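Undergrad: Below is the structure I would like to discuss, written out as structure tokens.
The values are calculated or read from the model by the stated rules, or taken from the named source; none is laboratory data. All figures in this text were calculated on a predicted structure; none of them were measured in a lab. With ideal geometry, Cβ positions are generated from the backbone for all residues, glycine too; neighbour counts draw on all protein chains shown. For the accessible areas, the whole protein counts, side chains as well, though only heavy atoms, and no ligand, DNA or RNA atoms are used. Shrake-Rupley method; radii C 1.70, N 1.55, O 1.52, S 1.80 Å.
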Amino acid sequence: MSRHLVFLGPPASGKGTQGRRLAEEKGLAYLSTGALLRSALRDDTELGKKARPFLERGEFVPDEIMVPMVLEWTAAQSDGWLLDGFPRTVPQAEALDADLDHEPQAIILHVPDDELRRRVSSRLECVDCHRVARDGEVETCPKCQGVLAPRADDGSANFENRLEAYRRLVIPTVTYYCDRWRARIVNGTGSPDTVYARVLG
Ligand code: AMP
């Protein structure tokens, strides 16, 4: 398995759950661009101020903001890494390829829309470390004991906008990796352990 991986998939497909686990087990540095943006919003940083209107509408943050931020992060990593939620557009994928000596491999989690809607309605996230949990399963974050809360952008109108943005912008990005024989499409339905076994496979 490559030591430079990108995880793509619709919202609530399990990118964060699977990506974090794989990164931890393989000793890869991990970056979730969505979690980074939500922290920036919470802390009201310059990045947060710029990104807020897009996240509130369920739209993607412009490439001009995302690309330099992620390339700065990848440049600072001395060994392998895993990107969760980047690239999300073809220009982002092209910028990542142009910047690297090696070609990252893409893992794409596929989950049907109805299952995504079901998952998002019970999804909670740790406000500190951004680990995902299911409503009713645990009281506090299993990793850091932080407070679990629904994501502000998981309301149904926002979620449908993100699903539409996925079809319009991310599917062409999936095609970009498929055309270059650098994509693995993984069935993302079933328990996290079942999906993880498929990811490893
Ligand atoms: P996620 O946590 O991956 O579902 O991302 C949450 C939100 O952050 C997305 O709906 C976008 O608004 C924004 N975002 C995250 N990654 C990117 C990216 N690579 N390009 C543009 N917007 C992004």
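Undergrad: Compute a Gaussian network model of the chain, connecting alpha carbons closer than 10 Å, and tell me which residue from SER39, SER191, SER121 fluctuates the most.
TA: Comparing SER39, SER191, SER121 in a Gaussian network model of the chain, the most mobile one is SER191.
Undergrad: Where is the GNM fluctuation largest for the chain (alpha-carbon springs, 10 angstrom cutoff): HIS110, HIS130, HIS102?
TA: HIS102
Undergrad: Each label point is 7 Å from the Cα along the Cα-to-Cβ direction; what then is the distance between the points at PHE54 and ASN187, in nm?
TA: For PHE54 paired with ASN187, the spin-label model returns 3.5 nm.
Undergrad: Also: Could you list the GluC sites (Glu not before Pro) in the range 111-172 that lie in coil according to DSSP, counting only those with at most 11 other Cβ atoms within 10 Å of their Cβ?
TA: Counting only loop positions with at most 11 other Cβ atoms within 10 Å, the GluC sites (Glu not before Pro) in the range 111-172 are GLU137, GLU139.
Undergrad: Between GLU94 and ARG167, what's the calculated FRET efficiency when r is the beta-carbon distance and R0 is 25 Å? Round to 0.05.
TA: E(calc), rounded to 0.05, equals 0.80.
Undergrad: Quick one: go through the range 104-121 and flag any residue whose amide nitrogen is under 15 Å from the point 7 Å out along the Cα-to-Cβ line of SER156.
TA: Counting backbone N atoms under 15 Å from the label point, the list is 114-121.
Undergrad: I would also like to ask the following. How large, in percent, is the carbon and sulfur part of the accessible surface of the chain at a probe radius of 1.4 Å?
TA: Details: 5190 of 10030 Å².
Carbon and sulfur atoms account for 52 percent of the accessible area of the chain.
Undergrad: Reachable lysines from LYS143, Cα under 25 Å, same-chain residues fewer than 8 places away excluded?
TA: By straight Cα distance, LYS143 reaches LYS15, LYS26.
Undergrad: Using r as the Cβ-Cβ distance of LEU71 and GLU139, and R0 as 41 Å, what FRET efficiency do you calculate, to the nearest 0.05?
TA: Efficiency, rounded to the nearest 0.05: 0.60.
Undergrad: Now, a different point. Under the classification rounded if a/c is under 1.5, otherwise prolate if a/b is larger than b/c and oblate if not, where does the range 97-164 fall, given a ≥ b ≥ c as square roots of the Cα gyration tensor eigenvalues?
TA: Cα axes put the range 97-164 in the oblate bin.
Undergrad: Provide the per residue accessible area, probe 1.4 Å, for the chain, rounded to a whole number of square angstrom.
TA: Result: 50 Å² per residue.
Undergrad: What's the FRET efficiency of ASP179 with ARG118 using the Cβ-Cβ distance as r and R₀ = 41 Å, to the nearest 0.05?
TA: Taking R0 as 41 Å, the efficiency between ASP179 and ARG118 is 0.80.
Undergrad: The chain: percent of C-alpha pairs farther apart than 20 Å?
TA: 55
Undergrad: May I have the pair-distance distribution P(r) for the range 37-94, computed from all Cα-Cα distances with 5 Å bins from 0 and rounded to whole percent?
TA: It works out to 4, 17, 25, 26, 18, 8, 2, 0, in whole percents.
Undergrad: If you don't mind, there's one more thing I want to ask. Restricting to DSSP H runs of at least four residues, report the calculated mean residue ellipticity at 222 nm for the chain, -39500 (n - 2.57) per run over all residues, nearest 500 deg cm²/dmol.
TA: Details: 9 runs with 94 residues, N = 201.
Value at 222 nm, helices only, nearest 500: -14000 deg cm²/dmol.
Undergrad: Taking 0.36 nm per intervening residue step and subtracting the Cα-Cα distance, what contour gain separates LYS26 from HIS110 on full extension?
TA: Full extension from LYS26 to HIS110 adds 28.0 nm.
Undergrad: Please enumerate, by chain and number, the aspartates and glutamates with C-alpha under 12 Å from the C-alpha of LYS49, excluding those fewer than 8 residues away in the same chain.
TA: none
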